[in-house]
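So the structure is just underneath, and the comments pick up after that.
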């Protein structure tokens, strides 16, 4: 079997509509607005949080569920690749401890179950595969030649994001009176905490005697976390779409300082996006007055 499988060769049928991080970053539209919101200003909600009383709640929930499902597919592929790509060893160089291989195999099993659950939830919510795009960045983060970077980018950054998203979807299911959604998200959330905890523990163990490697991995994690702040959509700011599930993150091995760093990255991205929007609006007014 091939090792270090490139993202371009992922097996997908004609139902999938893929995009990558470069294409997403080139999209200058407001990342917090859904397609229906862009079509009609009347559908704007008072808050960016996903709540059942939003006029676009159904579409946003279905889009988020679709994103979760394709993310679980890539998480399965990424964990499987990490288990296969690296030889068993002491964790130095391009080897990983055999026990880490076992943890990645366990995670692949969990992710396969999540794909099945998420696909059935998509059907339950009226979503068809391919109705929304698949962003391949999760698997891209699992393509690093350094297994420690994979742990930082996938298990800590992106699976950490999953903790925040699943917590919100669980709360949305509760508020919407949907026990199926609430139960399934709670079930998967428990697994995500375990996956992040495995990444946290192994990153610290493998880099215990290599502080430079640990520093590089954590810097890479911050890059991924900032990319997935979605222009400030994830922070403790009242206008953010997602809040940090701090308690679950602590159970997964994040320190209070690490949680605050992620929150600050989101706030910085929120302020940058707000300033960019303001400048664009001022330019539009100036052009109209000219």
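The values are calculated or read from the model by the stated rules, or taken from the named source; none is laboratory data. Model, not experiment: these values are computed from the prediction. Methodologically, a virtual Cβ is constructed for each residue, glycine included, from the backbone with ideal geometry; neighbour enumeration extends over all protein chains shown.
If I ask for residues that are closer than 11 Å to residue 234 by Cα and out of contact with any helix residue (DSSP H, G or I) (no Cβ under 8 Å at 6 or more places or on another chain), which ones from segment 269-280 would you list?
270
Look at residue 11 and say whether it is at pLDDT below 60 and more than 19 Å from the chain's Cα centre (by Cα).
no
Of the conditions (1) at pLDDT 85 or above; (2) under 26 Å from residue 117 (Cα atoms); (3) under 16 Å from the mean Cα position of the chain (by Cα), residue 262 satisfies every one except a single condition; which number is it?
(2)
Take segment 104-159 and flag every residue that is assigned to a loop (DSSP other than H, G, I, E, B) and closer than 27 Å to residue 178 by Cα.
Selection gives 126, 127, 128, 129, 130, 131, 132, 133.
State all residues of segment 215-235 that are in contact with a helix residue (DSSP H, G or I) (Cβ under 7 Å, 6 or more places away or on another chain) and over 25 Å from residue 191 (Cβ atoms); if no residue qualifies, say none.
226, 231, 232
Could you go through segment 200-221 and let me know if any residue there is crowded, with 22+ Cβ neighbours inside 10 Å and either modelled with pLDDT under 95 or on the phi > 0 side of the Ramachandran plot (or both).
Yes, segment 200-221 contains at least one residue that is crowded, with 22+ Cβ neighbours inside 10 Å and either modelled with pLDDT under 95 or on the phi > 0 side of the Ramachandran plot (or both).
So which residues in segment 223-242 are under 16 Å from residue 149 (Cα atoms), crowded, with 17+ Cβ neighbours inside 10 Å and at pLDDT 85 or above?
224, 225
Counting only residues that are in contact with a helix residue (DSSP H, G or I) (Cβ under 6 Å, 6 or more places away or on another chain), farther than 19 Å from residue 133 by Cβ and modelled with pLDDT of 95 or more, how many does segment 89-121 have?
13
Could you please let me know if residue 86 is modelled with pLDDT of 95 or more, crowded, with 22+ Cβ neighbours inside 10 Å and over 19 Å from residue 68 (Cβ atoms)?
Criteria met by residue 86.
Name the pairs: first residue in segment 98-123 and at negative phi and touching a residue at least 40 places away in the same chain (Cβ under 8 Å), second residue buried (at least 18 other Cβ atoms within 10 Å of the Cβ) and outside any helix (DSSP H, G or I), Cβ to Cβ under 8 Å, at least 6 apart or on different chains?
Qualifying pairs under 8 Å: 100/91.
State yes or no: is residue 175 surrounded by fewer than 18 Cβ atoms within 10 Å (Cβ to Cβ) and either farther than 21 Å from residue 83 by Cα or modelled with pLDDT under 95 (or both)?
For residue 175, the condition - surrounded by fewer than 18 Cβ atoms within 10 Å (Cβ to Cβ) and either farther than 21 Å from residue 83 by Cα or modelled with pLDDT under 95 (or both) - is met.
Scan segment 73-90 for residues that are farther than 12 Å from residue 138 by Cβ, in contact (Cβ under 8 Å) with a residue 40 or more places away in the chain and in a helix (DSSP H, G or I) and jot them down.
Matches in segment 73-90: 82, 84, 85.
Step by step: first the residues of segment 207-222, then only those that are over 12 Å from residue 151 (Cβ atoms) and assigned to a loop (DSSP other than H, G, I, E, B), then the one that is farthest from the chain's Cα centre (by Cα). Which residue is that?
Selected residue: 209.
Is at least one residue of segment 237-253 assigned to a helix (DSSP H, G or I), free of Cβ contacts under 8 Å to residues at least 60 places away in the same chain and over 19 Å from residue 192 (Cα atoms)?
Checking segment 237-253: not a single residue is assigned to a helix (DSSP H, G or I), free of Cβ contacts under 8 Å to residues at least 60 places away in the same chain and over 19 Å from residue 192 (Cα atoms).
Could you give me the residue pairs with C-beta distances under 6 Å whose first residue belongs to segment 40-62 and is surrounded by fewer than 15 Cβ atoms within 10 Å (Cβ to Cβ), whose second residue is modelled with pLDDT of 95 or more wherever it lies, and which are 6+ apart or on separate chains?
Once the first residue is surrounded by fewer than 15 Cβ atoms within 10 Å (Cβ to Cβ) and sits in segment 40-62, its partners that are modelled with pLDDT of 95 or more give 52/175; 52/176.
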